[in-house]
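Student: I have a structure I would like to understand better, so I am pasting it below and will then ask my questions one at a time.
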Amino acid sequence: MISPQIHGYKVRKSRKRITKYVRYRFRGCVITPTPYDYCIIGAGIIGLTIAYELTKKQPKARLIIIDKEPSAAQHQTGRNSGVIHAGVYYTPGSLKATLCRKGVPAIINFCTKHQVAYEQCGKLIVAVDADEATRLDGLYTRAIENQIQVKKIDSTEMAKIEPNINGVSAILSPTTGIVDYAGICHKLVELLTAKGVIFQFSTTVINLHESPDEAVIETNQGTIKAAQLIVCAGLQADRLADMMGMADDFRIVPFRGEYFRLAEKHNTIVNHLIYPVPKPGLPFLGVHLTKMVGGYTTVGPNAVLSLGREDYQRSFFEPVDTWRTISYPGFWKLMNRFKLAGLSELKRSLSKSAYMKEVHRYCTTISVDDLEPYRTGIRAMAVDPKGNMIDDFLIKKTARSLHVCNAPSPAATSSFAIADHLFEKGYL
């Protein structure tokens, strides 16, 4: 608050209030405080958990959250597999490994406190032959290094706990769970609104820039100014970073993940989540069976290049998105490296029978006729100019902005821990 008198000079408060801030006059000059302390772009789970942490650490901060969609969690957050990952797969010491481990109890505590549906049903990573069993041992070692609770089980024990699953051995991860991530977001919107946070949906960012004093967000609904900008834009992360000259070393390449819902008769086909042993060198975890908090089971996803960043129905060709992908040299280097895997994924996209072959490796009781339509997701894969997938979380900062440029799985699991990490490391 500015004092009504400074060094003997009177400061007169104007009668007009502009969007919750007051204009002051001092010696003929107009002093206009920035309307907001923080503006967050993106109402997915990362943006909302950062806002939630902000309101706890700075309860008096003026905060606005904008999103181009009419409501929260419309893209990656609301279209993923709903898994609370334990952290088995990730490179020890990486941000993904560290923040996933911290994120699990944070997610569960929030859901318990606010009655959001979740279940820690556990996960089996199943090896179907000797080669996979050897790779499974490597995963077990990695899980121990990541301080994850896991247990090796043989085929006899597997048959007892999962009679519909075939394999020679498996890893049981009992802390893996399932949750309604969209439900978490809707609860966060409710809690944040009650704390005075302003939400502005259906707001598309046109341009971003900053001065020494503020960040300026130009949108289709007008200009917003804030002392600090936080960008959590997911599939559009590179575009918004590019507006501030921060995307020279990465580009988002969208990959569509196609799921099916199993017929109702298979709602209880498994007691745990069932995952295959990942194929070496690939970033995706393979086609798996996932219990959902709604009481049904899904199967998927595959991973195929998407011609639009939000082309969930495969119903349109988005020339701007497509050009942004194919004009990037890193994309072609990536595709050349994984061309055989890419062709296999495309085949599974075009053929349910090919899709089912992946499932039949560990579960033969499901048929093609059991596959019912289900929502599609699109993953934002950050790729560097050399064609390398950026595997870990990528965060960039300027004087007045912070950009979460890459937040791959397990970002949803890690979301509360990511928010806490930003404060611990002095990003905010």
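Student: Based on Cα coordinates alone, diagonalise the gyration tensor for the chain, multiply each eigenvalue by 5, take square roots, and list the semi-axes in whole Å, largest first.
Tutor: 44, 23, 19
Student: When Val128, Val116 are ordered from fewest to most other Cβ atoms inside 10 Å of their Cβ, what list results?
Tutor: The order, fewest Cβ neighbours first, is Val128, Val116.
Student: Can you tell me the length gained on complete extension of the stretch Asn220 to Ala159, counting 0.36 nm per residue apart and subtracting the Cα distance?
Tutor: 16.2 nm
Student: Right, something else. What shape does the range 159-297 take by its C-alpha gyration tensor, where a ≥ b ≥ c are the square roots of the eigenvalues and a/c under 1.5 counts as rounded, a/b above b/c as prolate, and the rest as oblate?
Tutor: prolate
Student: Here is a further query. Could you work out the local net charge near Arg324, counting Lys and Arg as +1, Asp and Glu as -1, over the other residues with Cβ closer than 12 Å to its Cβ?
Tutor: -1
Student: Arranged by the count of other C-beta atoms within 10 angstrom, fewest first, what order do Ile50, Ile269 take?
Tutor: Ranking Ile50, Ile269 by Cβ neighbours within 10 Å, fewest first, gives Ile269, Ile50.
Student: Let me ask you something else. Pull out the extension gain between Glu145 and Lys352, defined as 0.36 nm times the separation in residues minus the alpha carbon to alpha carbon distance; nm, one decimal.
Tutor: My answer for the length gained is 70.7 nm.
Student: What is the sum of charges, Lys and Arg at +1 and Asp and Glu at -1, for the other residues whose Cβ falls under 11 Å from the Cβ of Tyr312?
Tutor: +2
Student: Given only helices, namely DSSP H runs of n ≥ 4 each adding -39500 (n - 2.57), what is the per-residue ellipticity at 222 nm of the chain, to the nearest 500 deg cm²/dmol?
Tutor: Helices in the chain give a 222 nm mean residue ellipticity of -9000 deg cm²/dmol.
Student: Could I ask something else about it? Determine the sum of side-chain charges near Phe284: Lys and Arg each +1, Asp and Glu each -1, restricted to other residues whose C-beta is under 9 angstrom from that of Phe284.
Tutor: Summing Lys/Arg as +1 and Asp/Glu as -1 gives +1.
Student: Order by neighbour count: Met244, Met381, fewest other Cβ atoms within 10 Å first, most last.
Tutor: Ordered from fewest to most neighbouring Cβ atoms within 10 Å, Met244, Met381 come out as Met244, Met381.
Student: If you don't mind, there's one more thing I want to ask. How far apart, in nanometres, would the label points at Asp392 and Thr268 be if each is projected 7 angstrom from Cα along the Cα-to-Cβ direction?
Tutor: Between Asp392 and Thr268, the simple spin-label model gives 4.5 nm.
Student: Give the separation of the Cα centroids, the range 221-242 to the range 306-377, in Å.
Tutor: Here the answer is 29 Å between Cα centres.
Where a number appears in this text, it was derived from the coordinates with a stated rule and is not lab data. All values reported here derive from a predicted model rather than from experimental measurement. Cβ coordinates were reconstructed from backbone atoms using ideal geometry, including for glycine residues, and neighbour counts include every protein chain displayed.
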